[in-house]
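Data block below; observations after.
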Amino acid sequence: MKRAYFEIKENDRLADRTYEMKLTCPDNSHGVTRPGQFINIRLDGFFLRRPISVCEWTETGLTIIYKTVGAGTEAMSQMQQGERLDILTPLGNGFDVDAVETATAAACKRPVLVGGGAGVPPMYGLCRELLARGERPMVILGFNSENECFYIDEFKELGADVMVTTADGSVGRKGFVTDALADVDCGYICACGPEGMLRAIDETVSGEVGGQFSFEERMGCGFGACMGCSCETKYGSKRICKEGPVLERGEIIW
């Protein structure tokens, strides 16, 4: 973990209450190496930093996507190009891409990536990494309605096969990501979204299929000091911000 200062390059609205912020880091010090890692942003006037997952990274910058759910993220949505942000980076345990590649090769089946709402952004980075290794992931994106949809075309432009579900049927298949999963032959499952969605996926996909789940959780410190976020596993309690947010499917106790 390191502290770095980033400059806002772009901060644009993507969908209802959803924004994409592109950040530059002139000294190349963001340190992100794995999809699923996150950053913690300091905002003037707010005591706690805001943890935001990384969507994409380059040598000189990061792209994050966030939803306005409170005063802090609302303040972020009003920030302009050229403003600077104090950020702790990189944080958390990201997806193990090697494990995905090994498991799908053994099963001779495709990996399936599932993102629900605010859980979509980290799946983009994972999809990019898998495609670069010659994998052909199936991507399932879940939203409530058309006005909340984002990054569908971006996944397709990467070269992924994409299925979209909306609860109201306004885009793609009506229903939830688990409805789409029922029609997919899955070799390995990676997912990010609300805990209820992750639990439903776990109940839908055969127990023989390996996987990694990235949890969304409220965090105090963001780097494991306060013990404010945790998940019960077969190996004891694990901190979502430190040992997570990505955990092995088989270790999670629901």
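Things worth noting here:
- If you run the Gaussian network model on the chain, springs between alpha carbon atoms under 10 Å, then out of PRO121, PRO194, PRO51 the most flexible one is PRO194.
- Local electrostatic count at ALA71 - Lys and Arg +1, Asp and Glu -1, tallied over other residues with Cβ under 15 Å: +4
- Members of LYS22/LYS234; LYS174/LYS238; LYS2/LYS67; LYS109/LYS174; LYS109/LYS238; LYS67/LYS242 lying beyond 32 Å, as alpha-carbon distances in this model show: LYS22/LYS234; LYS174/LYS238
- Those residues of segment 1-31 whose amide nitrogen sits under 20 Å from the label point placed on GLN78, 7 Å along Cα→Cβ: 8-22
- Under 5 Å, built H, 5+ apart or other chain: amide partners of GLY187: ARG110, VAL112
- Order by protection proxy (mean Cβ within 10 Å, highest first), peptides 153-159, 136-142, 196-202, 208-214: 136-142, 208-214, 196-202, 153-159
- Within a Gaussian network of the chain (alpha carbon springs, distance under 10 Å), most fluctuating of ASN28, ASN40, ASN11: ASN28
- For ASP161, the residues 5 or more places off, or on other chains, whose built amide H falls under 5 Å of its own are VAL139.
- Cα→Cβ-extended label distance, 7 Å offset, between MET1 and ARG13, nm: 3.5
- Counted by Cβ distance under 9 Å from PRO90, the other residues give a net charge of +2, where Lys and Arg count +1 and Asp and Glu count -1.
- Sorted by Cβ density within 10 Å, fewest first, the residues PHE215, PHE143, PHE47: PHE47, PHE215, PHE143
- Karplus (6.51, -1.76, 1.60) ³J(HN,Hα), θ = phi - 60°, over segment 5-18, in Hz, Gly and Pro reported as x: 10, 10, 10, 6, 8, 8, 8, 10, 6, 9, 7, 4, 6, 10
- Contour minus Cα-Cα distance for THR204 and ASN28 (0.36 nm per residue): 59.2 nm
- Ascending count of other beta-carbon atoms within 10 Å, so fewest first, for GLU56, GLU251: GLU251, GLU56
- Given charges at Cβ of Lys, Arg, Asp, Glu: segment 97-251 dipole, positive-most of ASN147, ALA191, SER237: SER237
Taken together, the values in this text are just the output of simple stated rules run on the coordinates, not laboratory data. Everything quoted here is computed from the prediction, not taken from an experiment. All Cβ positions, even for glycine, are placed from backbone atoms using ideal geometry, and neighbour counts span all protein chains on display.
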